[in-house]
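Questions regarding the structure given below will be posed in turn.
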Amino acid sequence: MEKDASRESCLLNVSRHWFVILAFASFYLVAEFGCGRIGLKSGFGVMNDGLLPSSVSSTRSGSGVADRCAGRYVYMYRLPSKFNDDLLRNCRSLAKWFDMCPFAVNSGLGPGMEKKGWFATNQFMLEVIFRGRMEHYECLTNDSSMASAVFVPFYAGLDIGRHLWGFNASVRDSLENDLVEWLKRAPEWRKTRGVDHFLIGGRIGWDFRRGADDEAEWGGKLMTVAECRNMTMLTIESTFFDNDVAIPYPTYFHPTTRAEVTRWQNQMRKQKRRRLFSFVGGPRNDSIRIKLMDKCLDSGNRCLFFNCHDKASNCDDPSRVLKVHKNSIFCLQPPGDSDTRRSTFDSMLAGCIPVFFRRNSAYSQYFWHLPRNYSKYSIFIPEDEVLQNKVSVTETLLRIPSETVKEMREEVIKLIPGVIYADPRHDVEHGLEDAFDLAIKGVLNRIAIRQNDTSHL
């Protein structure tokens, strides 16, 4: 009896000690991670067979601690791997004319460069990068009832990019149709018919907007099928329909701390720029590029033409492209295969003031990331006036007062944090608000507005 009483007393004391320890640990975690997610991170990459990273835990409520994630929670589907990871595993099939496998490494950042935080990132890897950033999003939840938005981690651009040339419509639509059927079975989808759902299209919006089953029509039809019209797709160039929004192309810089960005910004402020303007690119069928190439070559040392049509230039070398932008005051950004260019963001990263010739190249695109007052950070010269020789690009740029140039460059440099994507493999330091963060803010606001409008339900 005495032994049993002694054993019971001992167990009671041990239980009390453990209760105190666990209570203290719970208080610390709630105080430290007030948005309801316990912040132990597993470092899961994107190749995770559709599983959410183990860092995502149950959300807490009723703790009495202010929830800084209120209204910001995002739920991410666990899609079957055929919709994302399998596409990366079969990376040799992603592009017709070159191998995408080197760019699939480092969670979509591509091969690392000599300098920390810099990578040879392909412009079509945004879906992979965005998903990686989402896995480290501080308000990610596994409780869909808490979520203000639902993220669909489908690699839509990588999928359609395999089949844009030489494939019939049924092949192009195959995986997209499978996704729609999967979504229709999800309770989260049925609740709002997709109004609170969003996904990334790492290509221009027209690649997902075929209007018919005509074999001659371009692209897939993911964003034109009835089930997807309520969803929001974030693309690198929008089509101005009401279910897609443009966000920046990925650049080469993917930091994890605010200090890295600040150091780079300060370097760009001190950078000596020996050229009035430059053009990085090659000819297209449209005459504006050919005209600008001629203007650049005729201007002598005032302009540097980096000819991407010439393989010797090696436009795939980020360091060479960056060097041109860094040494230029202005960077010409004519339309390419479409109205927008990745070069716009590469040049801004280097503190170079972009010069646009079509409003659709930026001003009507990136509302969440660039100022509405575009004259603060860029120059606009109407395309028609260049083609008709009504204006001289060189003379226009020379007439801009040096003080105005200085102010515009400073505005461009201030915009750098919001047009880059931080490293998706790591937690991002608080205070560094990158293009991902601005996109999430925009999505949440857009969804809240649309949910108040019940006309589409």
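When the label point is put 7 Å from the Cα of residue 396 along its Cα-to-beta-carbon vector, which residues of the range 336-380 have a backbone N closer than 13 Å?
Under 13 Å, as judged by backbone N against the label point of residue 396, lie 354-359, 378-380 of the range 336-380.
Okay, next question. With a 1.4 Å probe and every protein chain kept in, tell me what percent of the accessible surface of the range 238-281 is carbon plus sulfur. Each step should come with its number before you reach the end.
Details: 880 of 1770 Å².
Answer for the range 238-281: carbon and sulfur cover 50 percent of the accessible area.
Roughly how much of residue 441 is accessible, in Å² to the nearest 10, using a 1.4 Å probe?
Surface open to solvent at residue 441 totals about 120 Å².
Moving on to the next point. Post the alpha-carbon centroid distance, the range 184-229 to the range 352-420, in whole angstrom.
33 Å
If packing is taken as the average number of other Cβ atoms within 10 Å across a peptide's residues, how do 207-219, 73-85 rank, most packed first? Don't jump to the answer; show the numbers that get you there.
Numbers: 207-219: 15.2, 73-85: 19.4.
Answer by packing, highest mean first, reads 73-85, 207-219.
For residue 441 and residue 185 in the same chain, what is the full-extension length gain: residue separation times 0.36 nm, less their Cα-Cα distance, in nm?
Working: separation 256, 0.36 × 256 = 92.16 nm, distance 2.77 nm.
Length gained, residue 441 through residue 185: 89.4 nm.
Just to verify a number: what accessible area does residue 287 come out at with the full protein assembly present, 1.4 Å probe, Å² rounded to tens?
Counting only protein heavy atoms, residue 287 exposes about 60 Å² to solvent.
How high is the relative contact order of the range 195-235, given as a whole-number percent (alpha carbon pairs under 8 Å, six or more residues apart)? Don't skip to the answer; put the middle values down first.
Working: 55 pairs, mean separation 21.8, N = 41.
Relative contact order for the range 195-235 comes out at 53 percent.
Specify whether the C-alpha gyration tensor of the range 109-262 places it in the rounded, prolate or oblate class, a ≥ b ≥ c being the square roots of the eigenvalues: rounded for a/c under 1.5, otherwise prolate if a/b is larger than b/c and oblate if not. Show your work: numbers first, answer last.
Details: a/c = 2.26, a/b = 1.28, b/c = 1.77.
Oblate, since a/c reaches 1.5 and b/c is not below a/b.
Right, next: If I take R0 = 51 Å and measure r between the Cβ atoms of residue 143 and residue 263 in this structure, what FRET efficiency does the formula 1/(1 + (r/R0)^6) give, to the nearest 0.05? Don't skip to the end; give the middle numbers.
Details: r = 39 Å, r/R0 = 0.77.
Result of the calculation: an efficiency of 0.85.
Carbon and sulfur together cover what percent of the accessible area of the range 367-457 at a 1.4 Å probe radius? Intermediate values should be presented prior to the final figure.
Working: 2200 of 4650 Å².
Accessible surface attributable to carbon and sulfur in the range 367-457 totals 47 percent.
Keeping all protein chains in place and using 1.4 angstrom, which order do 236, 204 fall into by accessible surface area, from largest down? The partial results should precede the final answer.
Numbers: 236 0, 204 35 Å².
In descending accessible area the options line up as 204, 236.
I want to check a number: in the range 255-414, how many lysine pairs have alpha carbons closer than 22 Å, given a sequence separation of 8 or more or different chains?
Close lysine pairs found across the range 255-414: 26.
Counting only heavy atoms of the protein chains, get the accessible area per residue of the range 66-210 (1.4 Å probe) and round it to a whole Å² value.
Values: 5370 Å² over 145 residues.
Spelled out: the 1.4 Å probe surface of the range 66-210, per residue, equals 37 Å².
Give me the 1.4 Å probe accessible area per residue for the range 286-427, excluding ligands and nucleic acids, in Å². Show your work: numbers first, answer last.
On the way: 6130 Å² over 142 residues.
Solvent-accessible surface per residue comes out at 43 Å².
To check my understanding: the extent here is largest minus smallest coordinate of the Cα atoms along each principal axis. What are those three numbers for the range 218-352, in Å, largest first?
54, 43, 23
Name the shape class, rounded, prolate or oblate, that the alpha-carbon gyration tensor gives for the range 283-412, where a ≥ b ≥ c are the square roots of its eigenvalues, rounded holds for a/c under 1.5, and otherwise prolate holds if a/b is larger than b/c and oblate otherwise.
Values: a/c = 1.23, a/b = 1.14, b/c = 1.08.
It is rounded, given that a/c, with a ≥ b ≥ c, falls under 1.5.
Could you work out what % of the accessible surface of the range 116-225 is carbon and sulfur, using a 1.4 angstrom probe and leaving DNA, RNA and ligands out of the count?
Working: 1830 of 3620 Å².
Accessible surface attributable to carbon and sulfur in the range 116-225 totals 51 percent.
Calculate the dipole size of the range 241-321 relative to its Cα centre from +1 charges on Lys and Arg beta carbons and -1 charges on Asp and Glu beta carbons; express the result in debye to the nearest 20. Don't jump to the answer; show the numbers that get you there.
On the way: 15 positive and 9 negative charges, 144 e Å.
Dipole of the range 241-321, to the nearest 20 debye: 700 debye.
The values are calculated or read from the model by the stated rules, or taken from the named source; none is laboratory data. Fair warning: this is a prediction, and the values are worked out from it, not measured in the lab. Note: ideal-geometry Cβ built from the backbone for every residue, glycine included; neighbour counts use all protein chains shown. All accessible areas refer to the heavy atoms of the entire protein, side chains included, with ligands and DNA or RNA removed. Shrake-Rupley method; radii C 1.70, N 1.55, O 1.52, S 1.80 Å.
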